[in-house]
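Notes for the one structure printed next.
Values quoted throughout were computed directly from the atomic coordinates according to the rules given, and no laboratory measurement underlies them. Nothing here was measured: the structure is a model prediction, and the numbers come from that model. Here the Cβ positions follow ideal geometry from the backbone for every residue, glycine too, while neighbour counts run over all protein chains shown.
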Amino acid sequence: MFISVLELFKIGIGPSSSHTMGPMRAAREFTDRVAVWLKDHRVAGPCRIRCILKGSLAWTGKGHATDRAITLGLHGIAPEEAARRDIEALVEQLWRDLPLPLDIQCEIRFSPIIDLVFDKGEPLPQHPNGMIFRLVDPKGVALLEHVCFSIGGGFLADLAEIQRLDAPLRSASPVGKTCPYGFASATEMLELARKHELSIAEMKRINEQACRGVDDLDQRLDGIWEAMAQCIRNGLAAEGVLPGGLGIRRRAAALHRRLLRNPEQTNPCDWLSAYAMAVNEENAAGHLVVTAPTNGAAGVIPAVLYHLVQHEGGSPGQVRDFLLTAAAIGGLIKHNSSISGAEVGCQGEVGAAAAMAAAGLCAVRGGTPPQVEKAAEMALEHHLGMTCDPVAGLVQVPCIERNAFGAVKAHAAASLARLETAEHFMPLDACIDAMRRTGEEMSDKYKETSLGGLAVSVTEC
């Protein structure tokens, strides 16, 4: 099993990795399919692309900007490029019935008002985040169809991939290459670390360079960290009301100013909360963010890392080891359970992020691999059962504060693991499995549909 650190941490825009970044990538990929198909098929007259959103994408797609993401993707915009553009101006420009910029003879148009359907009927059986893309002729007859799923963290799977028995992930490892220290469980990871006397970060680095051939790995990791740090700085400088209609005011900047006025009266929880909220306010605004491992949980890891660098003198090397260690844990959670709120609730988003952050912090503070595994387990354990119930389908309430608490829990778990021996009752593998089973038994009302929990309770008050 190999999931790259560069796949778990992806630069893009908010507010959601599964509802924004995933659909943007899927739409862009479908235009590539269309271009290939039209090379061998003649079509009379202008065609259109239609997209049907199913399940959670239909229920909360409006609040998560899925319509904007599909439009951007069909016009060739990738998430990382979108992070460098004026999205508001770009969306306003593209929000018309325009020909798509495809290098083909046939004219193809798309209008988000005409061609995008939020189908709130039965979801596709394979996954709650389904998308059906169609190329249709002037009479509305489907010429080409592609079904795909946004499975969390910006990852995609098609019908063939989603039906595989193992986790439906597109491997980043080139065919024929194997990872020297491949592991599919925390137990295997710890055994390899013990046998070869390597840290988790060292094994992950060797795997990355062997499986991907990434010569510039450190440069790529530094770019991820700089994007995270920039997101925090942006959030700490921004004021005003977040979009979406709830009237939620940004709080991170004011909180940060109060902390700066009396730093001697603060504690790590205060700073972690300000940093995490800064990120998720930026995410809610649809701005630059890094999946960590998702957008809804994007504040936890950057907050813990930023605190390490700003308050504990963390070095660039420690930042890289933090990210590599966190990615090793995130890969295990993704492979053996899920990081998708639509699949397992917020335990798979903020819970996974807290486990990753706890592991990374414990590692760079000198924790042994067993202590790192213990830190990850404790952080994940205390998020088990957490629902995903965003009010009005927006990644604001309770998501922004939830990231602050996730960062605090991660910090506490890392500290506790370092203070004690590595012995503990509940192994990380068992905790990940418990999260998976809890998610399977959780009602769909509590899995990013905004049909239960806080999402409906607020209207009853």
Using θ = phi - 60° and Karplus 6.51 cos²θ - 1.76 cosθ + 1.60, couplings along the stretch 319-330 (whole Hz; Gly, Pro as x): 4, 5, 5, 4, 5, 5, 5, 4, 5, 4, 6, x
For the chain, calculated [θ]222 nm from helices alone, where every DSSP H run of n ≥ 4 adds -39500 (n - 2.57): -15500 deg cm²/dmol
Cut-off under 5 Å, modelled amide H: who pairs with Ile248 long-range: Leu242
Ranking of Phe405, Phe155, Phe110 by count of other Cβ atoms within 10 Å, fewest first: Phe405, Phe110, Phe155
Test item: Cα-centred dipole of the chain, Lys/Arg +1 and Asp/Glu -1 on Cβ, debye: 640
Cα gyration tensor category, rounded, prolate or oblate, for the stretch 18-162 with a/c compared to 1.5: oblate
Debye log10 I(q)/I(0) for the stretch 286-380, one point scatterer per Cα, at q = 0.16 Å⁻¹: -0.59
Summed side-chain charge close to Val309 - residues other than Val309 whose Cβ falls under 14 Å, Lys, Arg +1, Asp, Glu -1: -1
Segments 84-90, 318-324, 377-383, 18-24 sorted - mean Cβ within 10 Å per residue, highest first: 18-24, 377-383, 318-324, 84-90
The stretch 251-317 shape via C-alpha gyration tensor axes, a/c threshold 1.5: oblate
Long-range amide H partners of Ser16 with built H, under 5 Å: Met21
Under the Karplus curve 6.51 cos²θ - 1.76 cosθ + 1.60, θ = phi - 60°, whole-Hz ³J(HN,Hα) for the stretch 393-407, x wherever Gly or Pro sits: x, 9, 8, 10, 10, x, 4, 5, 5, 4, 5, 4, 5, x, 5
Sequence ranges 137-149, 256-268, ranked by mean other-Cβ count within 10 angstrom, highest first: 137-149, 256-268
Inter-centroid distance (Cα atoms) of the stretch 44-79 relative to the stretch 111-170, Å: 10
Lys54, Lys204 arranged by Cβ crowding within 10 Å, fewest neighbours leading: Lys54, Lys204
Relative packing of 235-241, 60-66, 42-48, which averages over residues the other C-beta atoms within 10 Å, highest first: 60-66, 235-241, 42-48
Sorted by Cβ density within 10 Å, fewest first, the residues Val456, Val214, Val304, Val372: Val456, Val214, Val304, Val372
Whole-Hz ³J(HN,Hα) from phi, Karplus 6.51 cos²θ - 1.76 cosθ + 1.60, for the stretch 348-355, glycine and proline x: x, 9, 5, x, 5, 4, 5, 5
